[in-house]
Amino acid sequence: MSEMTRLITIAALALVLGAELTTAQHPPPGEWHAFGADTGNSKYSPLDQIDATNFTDLEIAWRWASISKAVADTRSEINAGLFKATALMADGLVYIATALSQVAALDPGTGALVWYYDPKTYDQLDRPANIGWQHRGVSFWRDGDTDDTRIFIATHDLRLHGLDARTGELEAGFGDGGIVDLSTTLGREIDRSRITHSSPVAVVRDTLVVGSSLTDQTTTREAPPGHVRGFDAHTGAMKWIFHTIPQGDEFGVDSWGNESWRYSGHTNVWGNMAGDDELGIVYLPISTPTNDWYGGMRPGDNLFAESVVAVDVETGQRLWHFQAVHHGLWDYDFPTAGNMLDITVDGRDIRAYAQASKQAFPYVFDAATGEPVWPIEERPVLAGDVPGEWYSPTQPFPTKPAPFDLQGITVDDLIDFTPELRAEAIEIADRAVLGPIFLPPTVRGQPKPIIQSPGPGGGVNWPGTAVDPETGTMFIPSQTRLRALEVVEYEPPATVGYFTDPWAVPVPGPRGLPLVKPPYKRITAIDMNSGDHAWMSPHGDGPRNHPALRDLNLPALGGHSGIHGGGPLATKTLLIVNSGARYVEDMAESARALTAYHKRTGEYLGSVMLPAVPSGNAMTYLWEGTQYVVVAVGGGGGAAAPELIALALPTSES
């Protein structure tokens, strides 16, 4: 049974009932209706009360302690993860999901709890698949006919919940008493322990688009499929299913040799998704098939793995697709949604879809047709010699824009802060095979592993990218992260062939420093009208204070810990990103910051220290004349409790 506690005030209800009709595609300027602000995932707000002159004056206006902590404190078996959710603000309420799939509505001016909903998912599961107890947020929807509003959350135990946004009550007309069972409509019997939901569902028009998260570390060739489904936001009825692994005689099934489409799994959408209400399209950023590192049991290109697929949101029909990696062997799944933006290229106006990737390529398409805005070439790549493996002879390379982070590795990329450090870096690099991007894995026991660059935690990750609709600029936080890649043979009864540890320690450099030259985290701005890089700024000090470097008077090097580049928030004048403080003695202090850059130049403007490391993306809204920036911090079983922190200017400045 679900528990729901309501603490609604008459004033708050009046504000909600008086709200004007808007859509998620175009929310009011002072609101934030989706994970990425809007349906198109812009992560942009036109608010300008907080600007370059006063950003560092921000102070905590209110803070809300996550209700997940009370559960975790009394249930020792529950290991609640990081507080990763992005808050929404609509119709006078702030909405947030906790790491345990709970939902809360808060007063936007005080952070006071208005209502909460607890599906008690933790009573159904010991630990959710893959990343455990973590959740990235809820979704908001408005009925265009009645103006009724709902909050949706896909919970870890494979259920889709529809709540009245004003009260937190389950919507009786949605599914079965407000809940839809997501475990029975994938077209294949599944092991429920290997699949979960941890990202917000996409809302495009009146359709809820649901992806999934699957256990990465698997010893069997069989796995749950990552098919994507669309549900009616009014009733909860399933409208369609898109087979990310084609079935029967569907288009693309011949790219799965040996009829491997019958048993292969994954190929899921685990991050968030972007859409366009006017075009009626949702864009699926699809991940790697089973398994991430070996594909001998799935010969062929394996459509629609590691692809962007544009799907008609009413019917689920594929409109166009682009496969970024043929027959993936590198865990180069798309971890985040792309961004919708309007650009003008060579005099032609284009409604574009821009997708960043782990491999540091930005791909840009006409959103309606899928035509690349700039040519994408198939180029030869190296084959490997892992027994039984199938190798694609080519991979796609965009001709423009240029990559936004290091791709491949050569001796020239190794650090050279001092001659001694460079000599040590060369000695370390000699223990591995260096080469270009898409260098195939080797078998453990062969003389050397390869160095994969970017590694699976490099490039862009789930916090994603932002765009500026005023200038057509895309902002990409990324990380230079390498790994030594080799596979090991699994013995029966395992049926997967070969595998490797996806969370292996990154390639070490000399004396604990990175192996390659900086920056190690960066923000790259790309003018999508020209395809040219506008600016790049290192994000964070990095190891400037390392004993081997502290006397060299180095500039900012960019942080080099963690797997995420930090989620971006673009405003009228600023780009705000998690972590990245400069001029601090301790890198841990740098991580505890919220940092601002000048949106047009990349100039570092300063940082505001938070009570704990931010683990969710920042968002912003306007309430009663005050602009707030809100971000989730803490959690994960560490000393810092999970909290939602709201920053604002001192009263005299706002």
* Structure fact -> Of V467, V443, V487, V433, the only residue that is within 30 Å of K572 (Cβ to Cβ), touching a strand residue (DSSP E or B) at 6+ places or on another chain (Cβ under 8 Å) and among the β-branched types (V, I, T) is V467
* Asked: Limited to the range 424-446, what total is found for residues that are at negative phi, surrounded by fewer than 19 Cβ atoms within 10 Å (Cβ to Cβ), in a loop (DSSP other than H, G, I, E, B) and not acidic (D, E)?
  -> 3
* Asked: A337 fails exactly one of the following numbered conditions: (1) touching a residue at least 24 places away in the same chain (Cβ under 8 Å); (2) more than 18 Å from the chain's Cα centre (by Cα). What is the number of that condition?
  -> (2)
* Asked: If you go through the range 104-125, how many residues are in a loop (DSSP other than H, G, I, E, B), within 18 Å of A85 (Cβ to Cβ) and not charged (D, E, K, R)?
  -> 3
* To do: For T267, indicate whether it is surrounded by 19 or more Cβ atoms within 10 Å (Cβ to Cβ) and modelled with pLDDT of 95 or more.
  => yes
* To do: May I ask you to list the residues in the range 53-91 that are among the aliphatic types (A, V, I, L, M) and without any contact (Cβ under 8 Å) to a residue 24 or more places away in the chain?
  => A70
* Look at E603 and say whether it is among the charged types (D, E, K, R) and modelled with pLDDT under 85. => no
* Any residue in the range 109-128 that is closer than 16 Å to T620 by Cβ and out of contact with any Gly (no Cβ under 7 Å at 6 or more places or on another chain)? -> yes
* Here are L158, L163: which of them is surrounded by 22 or more Cβ atoms within 10 Å (Cβ to Cβ), closer than 22 Å to Y116 by Cα and free of Cβ contacts under 8 Å to residues at least 40 places away in the same chain? -> L158
* **Unmet requirement for L100, which otherwise passes all of (1) aliphatic (A, V, I, L, M); (2) more than 17 Å from L622 (Cβ to Cβ); (3) surrounded by fewer than 24 Cβ atoms within 10 Å (Cβ to Cβ)** => (3)
* Elements of type strands (runs of 3 or more DSSP E) contained in the range 312-423, each with 2 or more residues being surrounded by fewer than 20 Cβ atoms within 10 Å (Cβ to Cβ), basic (K, R) and at pLDDT 95 or above -> 348-355
* Asked: For T601, which of the numbered conditions (1) surrounded by fewer than 24 Cβ atoms within 10 Å (Cβ to Cβ); (2) in contact with a Phe, Trp or Tyr (Cβ under 8 Å, 6 or more places away or on another chain); (3) under 13 Å from D51 (Cα atoms); (4) not basic (K, R) fails to hold?
  -> (3)
* Please work out if A612 is crowded, with 19+ Cβ neighbours inside 10 Å, part of a loop (DSSP other than H, G, I, E, B) and free of Cβ contacts under 8 Å to residues at least 40 places away in the same chain. => yes
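The values are calculated or read from the model by the stated rules, or taken from the named source; none is laboratory data. Here the structure is a predicted model, which means the values were calculated and not measured. Cβ coordinates were reconstructed from backbone atoms using ideal geometry, including for glycine residues, and neighbour counts include every protein chain displayed.
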